[in-house]
Amino acid sequence: MLAIGSDHGGFALKEEIKQFLDSEGIAYKDCGTYDEQSVDYPDIAQTVCAEVLSGNCEKAVLVCGTGIGIGIAANKINGIRAALCCDTFSAKMAAAHNNANVITLGGRVTGPELAKEIVSAFLSSEFLGGRHVIRVDKIMALEKQN
């Protein structure tokens with residue numbers, strides 16, 4: 001299962017991505033927002049990331065206006081590795097090399113067709129392990145230093 005969420009700036013793109021997920025038969029949980037009323041993206045990031053950390057969802061997609069703010073918020077949460085993805089290669093590598101469990105997108109900067117391709121690339125890529133395990137472990141160890 002995939003968790004998905006957005007603030008008001010990412011709402012329209014989130015809805016486009018949901019239509020794509022429906023067409024592909026990919027199960028997801030929409031964690032809000034549910035309209036274009038202003039909301040704070042850290043709240044959405046926290047809700048979506050809780051779904052990943054609880055094990056209810058394996059991966060997540062977060063969308064705000066640029067993908068930056070919601071990604072910064074998500075990466076403050078222990079256990080989350082969120083990557084801002086603006087192309088399919090980055091989405092594949094985020095999963096394969098960084099074991100990212102969240103990607104972020106910018107609703108005001110990424111078109112819907114590209115966003116669908118990015119989500120597809122992320123969901124179809126798996127962590128390669130090997131030499132990347134050491135690096136991901138070091139990333140996760142940084143959380144314990146704070």
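Here LYS14 is the anchor, and the aspartates and glutamates within straight C-alpha reach of less than 14 Å, apart from those fewer than 8 places off in the same chain, are ASP22, ASP30, ASP35, GLU36, GLU113, GLU117. Between amide H atoms placed 1.01 Å from N, distances below 5 Å from SER6 occur with GLY32, THR33, VAL63, all of them 5 or more places distant or on a separate chain.
Remark on ALA100: its backbone amide H falls under 5 Å from those of ALA95, a criterion applied only to residues 5 or more positions apart or on other chains, H modelled at 1.01 Å from N. Sequence-ordered 3J(HN,Hα) estimates for segment 44-53 from the Karplus curve with 6.51, -1.76 and 1.60 and θ = phi - 60° stand at 5, 4, 4, 5, 5, 5, 4, 5, 6, 5 Hz, glycine and proline given as x.
Extension gain, GLU117 to ILE139, is 5.2 nm, computed as 0.36 nm per intervening residue step minus the present C-alpha separation.
In the list (1) 2, 9, 16, 17, 13, 8, 5, 4, 6, 7, 7, 5, 2, 0; (2) 2, 9, 18, 19, 14, 11, 9, 7, 5, 3, 2, 1, 1, 0, 0; (3) 2, 11, 21, 25, 22, 11, 6, 2, 0, the label attached to P(r) over Cα pairs in 5 Å bins from 0, in percent as derived from the coordinates here is (3). Which shape class, rounded, prolate or oblate, goes with segment 1-53 when its Cα gyration tensor gives a ≥ b ≥ c as root eigenvalues, a/c under 1.5 marks rounded, and past that a/b bigger than b/c marks prolate? Oblate. Using a cut-off of 21 Å between Cα atoms, the listed pairs LYS76/LYS144; LYS29/LYS144; LYS29/LYS59; LYS18/LYS59 include LYS29/LYS144 as exceeding that distance.
Just the protein heavy atoms count here, and of the accessible area of segment 35-119 at 1.4 Å, carbon and sulfur take up 49 percent. Modelled label positions at ILE26 and PHE89, each set 7 Å beyond Cα in the direction of Cβ, lie 2.1 nm from each other.
Only Lys, Arg, Asp and Glu carry charge here, each on its Cβ (+1 for the first two, -1 for the last two); on that basis the chain has a dipole of about 720 debye about its Cα centre.
Summarising the label geometry, the points placed 7 Å from Cα in the beta-carbon direction at ARG131 and SER38 lie 4.8 nm from one another. Counting only the backbone N, which residues of segment 46-77 are under 16 Å from the spot 7 Å out from the Cα of MET1 toward its beta-carbon? Answer for segment 46-77: 47-61. Mind running the shape call on segment 89-146? Use the C-alpha gyration tensor, a ≥ b ≥ c as the square roots of the eigenvalues: rounded below 1.5 for a/c, prolate if a/b tops b/c, oblate otherwise. Oblate is the answer for segment 89-146, as a/c is 1.5 or above yet b/c matches or exceeds a/b. Less than 5 angstrom separates the built amide H of TYR28 from those of LEU2, all sequence-distant by 5 or more or on a different chain. Scalar couplings 3J(HN,Hα) for segment 119-127, obtained by applying the Karplus form with A = 6.51, B = -1.76, C = 1.60 to θ = phi - 60°, are 4, 4, 4, 4, 5, 8, 9, 10, 4 Hz; x denotes Gly and Pro.
Look at where the Cα atoms of segment 112-146 and of segment 71-111 average out, and the two centres are 8 Å apart.
The values are calculated or read from the model by the stated rules, or taken from the named source; none is laboratory data. From a predicted model like this one, the values you see are computed outputs, not experimental measurements. For neighbour counting, all protein chains shown are included, and Cβ atoms are generated from backbone atoms with ideal geometry for every residue, glycine included. Note: areas computed on protein heavy atoms with side chains; ligands, DNA, RNA excluded. Shrake-Rupley method; radii C 1.70, N 1.55, O 1.52, S 1.80 Å.
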